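Any read-out appearing in this document is the output of simple, stated calculations on the displayed coordinates, not a laboratory observation. Small disclaimer: the values here were computed from a predicted structure and weren't measured. In this analysis, Cβ positions are derived from the backbone assuming ideal geometry, glycine residues included, and neighbour counts consider all displayed protein chains.
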Amino acid sequence: MYTRRKVSKLLALATLCAPLALMAQAFPSKPITLVVPVPPGGLVDTSARLISEPLGRLIGQSVVIDNKGGASGNLAYQQVARAPKDGHTLLVSYSGYHIANPILMSKLPWELKDFTPVGLITVATNVVAVHPSVPANNMREFIAYLKQNPGKLNYASQGNGSVSHIGTEIFKQQTAVDLVHVPYKGSGQAIADVLAGQVQVFMTTPPSVMQHIQAGKLKALAVTGKKRHPGMPQVPTMAEAGYPNIDLEAWVALYAPAGTPTATLNQLADAVKRSLDLPESKQRADQAGIEVRFLASTEMTKLLDREITDWTQAIKTANIKLD
């Protein structure tokens with residue numbers, strides 16, 4: 001039987017524990033860290049910085065960018081996979097690492113199941129850029145030339161297993177053409193050799209080559225996204241060029257450690273969507289040559305499943321292996 005003294009003690013204990021329980025459940029209770037698996041600059045870092053300031057304003061906490069490059073993005077993935085499942089440490093990464101690494105690497109310090117997608121942030125189309133010496137001014141002429149001259153032209157990539165490598169192999173498979181792969185370590189030397197005509201073809205994101213296209217030093221035959229690029233409005237999409245099945249985009253998404261509470265994931269997703277809807281975010285994205293495009297977790301999962309299937313087939317068919 002409860003005495004008055006016992007009841008008083010229980011009430012006092014409940015009063016003491018209530019704030020602690022609320023503190024344990026509160027989100028956010030401290031600054032949020034966005035771990036980025038690449039150095040500053042480029043598509044992924046730009047996308048993270050696009051949402052960091054408005055996201056902080058909307059959720060009432062500062063958002064910190066932690067650039068943790070190296071090991072093909074695996075250091076950053078490992079850090080977030082092992083982080084507390086409370087929504088305060090998140091990963092911002094792109095399709096190349098998230099899809100290609102588990103396919104190409106037999107030993108990883110993380111698995112896809114270690115992460116839950118919060119939402120898609122941005123996408124960047126690719127542009128098929130060729131040296132002016134290539135005797136083609138549109139995609140139909142280019143593919144016809146390749147079929148008449150199999151193996152005559154080389155294509156550049158940022159390295160084995162990169163988006164430009166796998167993307168061009170998908171292009172080859174879907175158009176039944178033959179191009180010789182020349183891998184580089186990054187875009188810098190690749191662009192230099194394409195400009196010099198030592199390599200004739202480069203499929204890459206527009207910011208890397210747009211100035212050279214506008215100066216007439218390279219020819220843009222088509223972009224591989226769903227719509228024309230605002231910085232190159234004269235360049236048709238693959239669909240407009242007659243190849244609707246070639247739709248290759250690099251995309252960036254936000255992930256939380258698997259097991260993060262659903263309420264926290266929903267709160268983050270709502271804040272990210274609202275951040276991307278701001279006119280200032282769209283303006284900054286346009287200036288960077290990328291597109292803001294939000295997809296919620298369910299749609300992101302469908303996108304992942306679809307692209308994993310496509311990339312696995314492309315990598316197997318092309319026998320792509322890492323250096």
With θ taken as phi - 60° and the coefficients 6.51, -1.76 and 1.60, list the Karplus ³J(HN,Hα) couplings across the stretch 260-273 in order, rounded to whole Hz; mark glycine and proline as x.
5, x, 4, 4, 5, 4, 5, 5, 5, 4, 5, 5, 5, 4
Per-selection metrics, the stretch 50-163 (Cα): Rg and Dmax in Å:
19.9, 60
Roughly how big is the stretch 127-223's charge dipole about its Cα centre, with Cβ charges of +1 (Lys, Arg) and -1 (Asp, Glu), in debye to the nearest 20?
100 debye
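Kirkwood hydrodynamic radius of the stretch 29-88 from all distinct Cα pairs, in Å?
Values: mean 1/r = 0.0835 Å⁻¹.
About 12.0 Å, per the Kirkwood formula over Cα pairs.
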For the stretch 176-244 and the stretch 266-290, what is the separation of their Cα centres, given in Å?
26 Å
Putting +1 on Lys and Arg Cβ atoms and -1 on Asp and Glu Cβ atoms, find which of T309, A220, F171 reaches farthest to the positive end of the dipole of the chain.
T309
Select from P84, V64, I103 the residue farthest towards the positive end of the dipole of the stretch 45-110; place +1 on Cβ of Lys and Arg, -1 on Cβ of Asp and Glu, and compute about the Cα centre.
I103
Hey, got the dipole for the chain? About the Cα centre, +1 on K and R Cβ, -1 on D and E Cβ, debye to the nearest 20?
980 debye
Largest first and in whole Å, give the semi-axes of the chain's equivalent ellipsoid, each being the square root of 5 times a Cα gyration tensor eigenvalue.
46, 20, 16
Given the alpha-carbon gyration tensor of the stretch 244-323, what are the semi-axes of its equivalent ellipsoid in whole angstrom, ordered largest first, with each equal to the square root of 5 times an eigenvalue?
28, 20, 11
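What FRET efficiency comes out for the pair E111/K185, r = Cβ-Cβ distance, R0 = 30 Å, nearest 0.05? Intermediate values should be presented prior to the final figure.
On the way: r = 27 Å, r/R0 = 0.90.
Calculated transfer efficiency: 0.65.
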Measuring from label point to label point, each 7 Å out along Cα→Cβ, what is the T309 to A176 span in nm?
2.3 nm
Over the chain: helical MRE at 222 nm, DSSP H runs n ≥ 4 each giving -39500 (n - 2.57), nearest 500
-14000 deg cm²/dmol
Over all directions, the stretch 127-223 yields a Cα convex hull whose mean projected area in nm² is 5.3 nm²
Give me the angle, in degrees from 0 to 90, between the Cα long axis of helix 297-318 and the longest principal axis of the Cα atoms of the chain, rounded to the nearest 10.
40 degrees
Could you name the lysines in cross-link range of K273, using Cα to Cα under 30 Å and dropping any fewer than eight places away on the same chain?
K30, K68, K85, K113, K226, K227, K282, K302
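Using 0.36 nm per residue, how much length does the chain from R82 to K226 gain when fully extended, once their Cα-Cα distance is taken away?
Computed gain between R82 and K226 is 48.2 nm.
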